[in-house]
1. Taking 60 Å as R0, compute the FRET efficiency from the Cβ-Cβ separation of TYR343 and ASP585 and round it to 0.05.
2. Heavy atoms only, 1.4 Å probe, whole protein assembly: order PHE986, PHE482, PHE555 by accessible area, highest first.
3. Please compare each pair in LYS207/LYS590; LYS518/LYS590; LYS210/LYS518 to a cut-off of 32 Å on the Cα-Cα distance and tell me which ones are over it.
4. What figure in square angstrom, to the nearest 10, would you give for the accessible area of THR324 with a 1.4 Å probe?
5. When you count, for each residue, the other Cβ atoms within 10 Å and take the mean per peptide, how do 192-200, 628-636, 1015-1023, 215-223 rank with the highest first?
6. What is the calculated FRET efficiency for ARG883 to ASP214, with r their C-beta to C-beta distance and R₀ = 56 Å, to the nearest 0.05?
7. Run through segment 816-883 and list the chymotrypsin sites (Phe, Trp or Tyr not before Pro) located in a DSSP loop whose Cβ has at most 15 other Cβ atoms within 10 Å.
8. What FRET efficiency, computed as 1/(1 + (r/R0)^6) with R0 = 22 Å and r the Cβ-Cβ distance, is obtained for PHE312 and PHE835, rounded to the nearest 0.05?
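The values are calculated or read from the model by the stated rules, or taken from the named source; none is laboratory data. It should be emphasised that the depicted structure is a prediction, and the values quoted were computed from it without experimental measurement. Here the Cβ positions follow ideal geometry from the backbone for every residue, glycine too, while neighbour counts run over all protein chains shown. Heads up: the accessible areas ignore ligands, DNA and RNA and are worked out on the full protein's heavy atoms, side chains in. Shrake-Rupley method; radii C 1.70, N 1.55, O 1.52, S 1.80 Å.
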Amino acid sequence: RANDRDYNERFIKKIFFLICVFFFQDNHIKTAKYNVFTFLPINLFEQFQRFANAYFLVLLILQLIPEISSLSWFTTIVPLVLVLAITAVKDATDDYVRIYSNGTNTICFRLQNEKWMNVRVGDIIKLENNQFVAADLLLLSSSEPYGLCYIETAELDGETNLKVRQALTVTSDLGDDVAKLADFNGEVICEPPNNKLDKFTGTLFWKDNKYPLDNEKMLLRGCVLRNTEWCFGLVIFAGTAVHFVIVKGFACFKKMKYDAIFLVFFQIFGFLICMGIILAIGNTIWEQKVGSNFWEYLQWKELTISAVFSGFLTFWSYVIILNTVVPISLYVSVEVLRLGHSYFINWDRRMYYSRKDTPAEARTTTLNEELGQVEFIFSDKTGTLTQNIMVFNKCSINGKTYGTLKTPCVDFSFNPLMDRKFRFHDSSLVEAIKLEEPLVQEFFRLLALCHTIMPEERNEGELVYQAQSPDEGALVTAARNFGFVFRSRTPETITLYEMGQAVTYQLLAILDFNNVRKRMSVIVRNPKGQLKLYSKGADTILFDRLDPSNEELMFTTSEHLNEFAGEGLRTLALAYKDLDEDVFDEWMKKLLFASTALENREEKLGALYEEIEQGMMLLGATAIEDKLQEGVPETIACLTLANIKIWVLTGDKLETAMNIGYSCNMLRDDMNEVFIISGHTMVEVRQELRVRFNHQRTQFVCCYLKAHALEADLEQILVDVACLCKTVICCRVTPLQKALVVELIKRHKRAVTLAIGDGANDVSMIKTAHIGVGISGQEGMQAVLASDYSFAQFRYLQRLLLVHGRWSYHRMCNFLCYFFYKNFAFTLVHFWYGFLCGFSAQTVYDQWFITLFNIVYTSLPVLAMGLFDQVSLYSLRYPNLYRPGQLNQLFNKRKFFTCTLQGVCTSFILFFIPYGAFMSAVRDDGAHISDQQAFAVTIATSLVIVVSAQIGLDTNYWTAVNHFFIWGSLAVYFAILFAMHSDGIFTIFPNQFPFIGTARNSLNQKIVWLVILLTTVVCIMPMVAVRFIKASRKQGPQEQNFRRVRRTSSRRSAYAFAHQQGYGELITSGKNMKVPTASTSTYPLSSPARGNSVVKNSVVSGTTDAAETNSTGFRRESDQNQEVTVEDLEAR
C-alpha cells in the first residue's frame, strides 16, 4: 500500500511472516564482501580454503613444536604472510571498487531529502533527469504529458537506445502535486520478484477500481532517467528483491576446465609424504643400529624415547624441512601472469577497431591459457560472420525478377527524397514504377507500410530511419528510393509520399512479429476507405496461408527464391489481403475480448491473428544481401589449418547457412558429400545417424536440427558423426539449442570450446562454452556483457587464439615446468643430506636462504619469462604450431615427471659434487675447508647460479627485462649473502644470523669457485645436449594455404527478418513519436482528424483523445481521458 509503512510491516509480520521479508525490505543492497570489521576473518577464511595455504598453516603449527622442528618458524611464516598479504590487497581493491560503485547511486527524494538506502516498499519517491532508478518503481506521473518518461537500460541489457515508459492515466493526473501524491493510497498486488526483465504482471487497486499493470509501467533499478525533468514512482520491490540484483546473482564464474596446478599439488604432496616415510624409516633403523653407540657420549643410560617414536617425530620434522617442494608462492605468481596476459590483449593495437574506437578487452583473467587449447569454435552467423548491414539486392514481383540484369546504377534523381547511398542496378524496375504497374506499386507500398520504423527528419528532405533491425531498414529504404517514401507516422496514421503525392493511411492494427509466427502484418485503411492487410515473413509460413489461386505464382516465386539462395541472400515473402468491413469489425471485437483474457492470452491472440491472415494474395519476394565481415574467409581458413573445428549455429534456414559457408571458406567444392539430419522423429534421426556413422567418409555435415536430434539417447552418436565431419552447420536453432549443442561437446569430447556471437540470442551459448567471445556489433552489447573476451571484428579471433592464446599457454607451461624444477632442485638437497646426518632432520642451507629463495632470489626471472617470452613470431603464418596446445603436450603428467626428474638429478649433483670435493679439499693456507657452513654456502651459490642458467636456456625471447631480472637476482643474492654473514648484523642479532664471516671466508677460495663451476657445468650440459639433439631432428613447420572457392548453388535462402516482439504496441501507443518541425517538408502533412499534438522537446506525447493501447498493438478509441478498468474490458 502506498504511503503506509505501518500497513506494509504488519502485512509482513501477520500474513507472510518470514517468507515475504525477502519481498518487502528496505532498499539497502550490499554487494561488497567485507567491511572494516569482517575483512580480516572472512578474507583469511577464504584464503585458507586453498589447499596450499591450509597446508602451510599446518606446517607453521608444526614448526612451533620444538620436538619436531629444526627450522625456525619465520622460514614458513614470512612467505605465507607475504602471499596472504598480496592476495588480501587484491581482494580489498576489488571490494573497494564494488563499494565505490555502490556509492555512485544517486539520492532519491521521498518529498524530503533522503538516501535511497532508506527507501521502503510503498514509499513514493521522486527522480530527476539523469538519475539512476534506485528501486523497482511503478511509474505514477512525470513531467512529460500523459505520464511518459524515457529511460536508458544499458546497465540491465546493454542496450543504449532509449525506451519509453508510460504511467496509467489515473495516476498521471497526480502530476507533481505533493498533496495528491501524499494522499495516494493505492494497493498493488503483483507477481513475486523474479529474473524476467521484460515481463511484469500486477494489478493496482484504487478508488474501488482495479487497473492492469505490465512492464511498460515499471522503472527497474539500474535504469537511468533520460530526457525527463522529473517523475514520481511507487516502490514495488527494494533491496535484494529488485530485478537487477536477482539477474546479477545468476552470473556464472568460469575457470579452467581442469586446474592442473591443483592436481599437481596433490601429486607433490604425495611425493613429500613418501620422502618423509623413507627418512623416518631410516631414522628408526639408524637409532636401533647406530644411535646406541652415542649413549655413553651423551651420558644416557638408555634411550629416552623408542626408535619407532623417534622415527615418527622425524617424519614430521622432514615434512617441515621438505615443505618447500610444495610452492606456496605459485598461486600468486600464476595470478600475476594471468593478469599480465590479459593486459597484453587489451593493449594489442592489431585488435583495435578504429572505425568504432573499440579495443579488444579481456573481461576475465582465468582463461588465458585455454585460449591456446581451443578445439571447437561455435559461431553465430548474422552479425558475427556477416556485417549485419543489409542491402536491398533483388526482388521478385508477380513472377518477374528484378536486379538480376546488371545495368548501370539506376538514376533516382526523379525522387527528391531518395537516399543517396542507395544503389540498384536494374532500371527496368524504375520503369515499371513510372508506368504505374499496380502490383509493382502495391509491392513497394507494402514495404513502406508494414514495419515498425520511426522516421526522423532533421533537415529538409534528410530522412533518417530508426530501424529496430537492419532488414527493415533496407526494405523501407528501397521503397523510399523507388518512390514510396515513408515520411511520418502517428499512433493512428502512416503518411507516405507516393511518387511525390502525400497519402495518409489510417493504422488500425499491428499484428506483431514473434518467433513462432515468423511474420508481421498491418491492417490499414487507405484514403479510398478500403481495408487492407499487408504481411511479410518467411516464405514457408506465408505460402501456407495464401489463397489457392496463387499456386502458379507461388511456384514461380519459389524458383526465384532458389536462384537468390545461390548468392546467400536473405529473403522475405510479401502478401496482401482485401478485408471486408463487417468481417473486420467482428474480428476486432474478438481481438478486444482476447486481449483482456486472464488465461492463455497469447494463444488466443495468436489464433485470431491466424484467422485473419488466411487467404492472402502473393505479391512477391525480396532478397537482401548480408555482406561478410572483412577478413572472415581468411580467418576461418587459418583457424581450420590450426586444426580447430568451426561449427556455425544459426537461426537461418539451411540454404542460406550453406551459401554463407561457401563464401567464407568453411565449405569447399572438394567436400562433395553432404549429410543433412532432417528426420522428423527420433527413430528417423537415429537411423540417419547410424547409416552415416557406418559410412565414415563424410567431409561435411549440415545439421538441420530438430528437437529429436538433441535427445539424450542420440547424444553420443550425434557427437560421433559430427566429429567425423570437416564442417558442421546447425540451422534453425534456438538460443537454448545453441547452448545444448555446446554442452554436448563439452560433456562428450572433453575439449576446450569457444563460442562467439554478437546478439542477445547468443548469450546462452557464450555462457555455456568454456570461453565466450562477444562481438560489439549491430545487435547491442548483450553478448559483450556476457562474454569473457570481446572485440569488434570476427577476424581478430585468429590473433586472439593463435598469438595471445598460444603464447599464454606456452608461457604458463614453461613457467610451471621451471617452477617445479627449481623447487625440487632446491628442496631435495635436504633429502640426500639426511642419509649422511643420521636422519636427524638437519638442514643444509642457512634458514634465511630457505626463506628468501622463492620470494626474492628466483621470483622475478621466472615472472619475466612467464610474461614476456615468445615462442614464435610466425604463429599466423604457420597455424599448425597451435596443435601442441590442443594435445596438451607442454604440461601433462609426462612433462611434470620430466621436469621433476630433472630437479631430482640437479639436487643430487648439487649435493654430491661439493660433498666429494670437500672430503679432501684444503684452503689456500692449508686449513681444512669442509665445515658445514662453508658447505652450505657453496651449495646455495651453486643452486642460484644453476637455476639462473637454466632459465636462460628456457627463455626463447630475450628482452631487457629478462636480462635485468636474471642478472639483478644474482647481484641481490650475493649482496644479501654478504650482508647476512657480516660482523655487524651478527652483533645486532647473534641468534638469528649464526653464519658470521662464512661467505667471505669461503668465496675467496679458488677451489670453492672451481666446485661451483663444475657443479654448474654438470647440471646444465646434459640439458644443452638434449635440446641440441632435438633441435637438429626437428623439422620446421610447413606453410599451407586454402584455395579460395566461390560457389553458386540453387538452394533456398533463409528469410530476412531479424525482428523483436513488442514493437507493434510501441508504435500504436505513440510513445516514441517525434513531431517534425513545420519546415521539414514542402508538402502538406496529412494528420488524423481527431486530436491535437502536445509538443515538448520535439516529442509527441499523444493526443487529447488519447487512444489506449493494449498488448496486442491494435487501436481502440476510448472515452476522453478516461482510464479503462478491468471491469470495463470484461463488460465489453
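1. 0.35
2. PHE555, PHE986, PHE482
3. As for pairs spanning more than 32 Å Cα to Cα, those are LYS210/LYS518.
4. The value for THR324 is about 20 Å².
5. 215-223, 628-636, 1015-1023, 192-200
6. 0.55
7. Listed in order of number, the matching sites are PHE835, TYR874.
8. In this case the efficiency is close to 0.70.
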